[in-house]
Amino acid sequence: MPHTSRKKKNLHSKRREIVDHDGWTRVTSSSSTPLRIGLNQTANESEQAPNGLTGSATLVERLPSLPLPMPAAKGLTLETMRAQFAGIQARWLETDLCRKLEQMLTDKVLTSGCSISNCAVFGTGSFCGDAVHWVDRHESAYFQLAAFRTVVQTIERVQGHVVRAYAQEPYYNELDTLFLASIDVAKIDHPRGFELLDRNSFVYSPAAEQEVESQIIARAPWMWLHRSFDHSLQGGRDSDASSEAKTQFKKSHEHAVLPELDLKNFPFHGSVIWWRRTDDMDERVQVS
């Protein structure tokens, strides 16, 4: 396999952020060529804002053509996936990052009386895909899902009721869909994930590329687990419209930098949590 645990001494020297042909950014410790899956081009879809959303809440950019779902690795079943996720979730719950995230949510982010309407995660990748260079990324996807569930469950505990949770990823296959449903997360297809977002949503988009980032900013969700805007994963300059949108988002939201977590493929590299301001103070919170 292109990734191996036998070369742990090179873990930090090989980190790269790459953008697949489909537009999804992946953080990898390998120098291998990013995954590519061929697909037929489809007709352009009409993208409309959900009821009640107008103006800046409309979808601002089309994503690149999306790939086909990734075939599941042989031998995997719903039961084996649930068992693997349970083990990784247990490891996640013991990390300092998990504890700091929960502390931020309960002590700072969710103390303003907000009411989160729904939760959505974008771009984890398949949990069971069998494409070249991908089997080694199952663990990263499970860790990201565990983090998403931690936030969802903390929101539910604070608000006192269940909140609907969704996941959008072009590589999800039927087994991924069954697995997500078994933990009360509904798989949805593009562009429905963006259409469901509103100003009271929580969004998690690990290492999302600029197009996904722009769609989320246009919805101005109440809380967003993402990254800093201080750099571009694609290495290009923002358009004037994109730059202005980020500026406005930063004015209306506070953010906290979360601790790093040393894992293969860096599933939480540069994680930042954003939440809507309740006053006019321009502060930046550093979690230590």
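The values are calculated or read from the model by the stated rules, or taken from the named source; none is laboratory data. Everything quoted here is computed from the prediction, not taken from an experiment. Here Cβ is always computed from backbone atoms with ideal geometry, including for glycine, and neighbour counts include all displayed protein chains. Protein only, heavy atoms only, side chains kept; ligands, DNA and RNA dropped before computing areas. Shrake-Rupley method; radii C 1.70, N 1.55, O 1.52, S 1.80 Å.
Sequentially through region 105-116, phi angles give Karplus couplings (6.51, -1.76, 1.60; θ = phi - 60°) of 5, 7, 8, 10, 6, 9, 9, 8, x, 5, 10, 5 Hz, Gly and Pro residues having no value and appearing as x. Straightening the chain between residue 83 and residue 248 buys 55.1 nm, computed as 0.36 nm per residue apart minus the Cα-Cα spacing.
Could you tell me what percent of the DSSP beta bridges with both partners in region 80-286 are antiparallel, to the nearest 5? Within region 80-286, antiparallel bridges account for around 40 percent of the total. Accessible surface comparison of 161, 138, probe 1.4 Å, protein chains only, largest first: the order is 161, 138. Surface exposure of region 80-286, expressed per residue as accessible area with a 1.4 Å probe, stands at 40 Å².
For 219, 157, the ranking by accessible surface with the largest value first comes to 157, 219, using a 1.4 Å probe. The fraction of accessible area contributed by carbon and sulfur in region 80-286 is 47 percent, rounded to a whole number (1.4 Å probe; ligands and nucleic acids excluded).
For region 80-286, the fraction of C-alpha pairs farther apart than 28 angstrom is 23 percent. Shown here for region 74-105: GluC sites (Glu not before Pro) in loop regions (DSSP other than H, G, I, E, B) with at most 11 other Cβ atoms within 10 Å, namely 94. Cross-link check: pairs 108/264; 187/250; 187/264; 100/187; 187/246; 74/187 evaluated at a Cα-Cα cut-off of 24 Å; pairs beyond the cut-off: 108/264; 187/250; 187/264; 100/187; 187/246. For residue 158 and residue 178, the FRET efficiency from 1/(1 + (r/R0)^6), where r spans their Cβ atoms and R0 equals 35 Å, is about 0.75.
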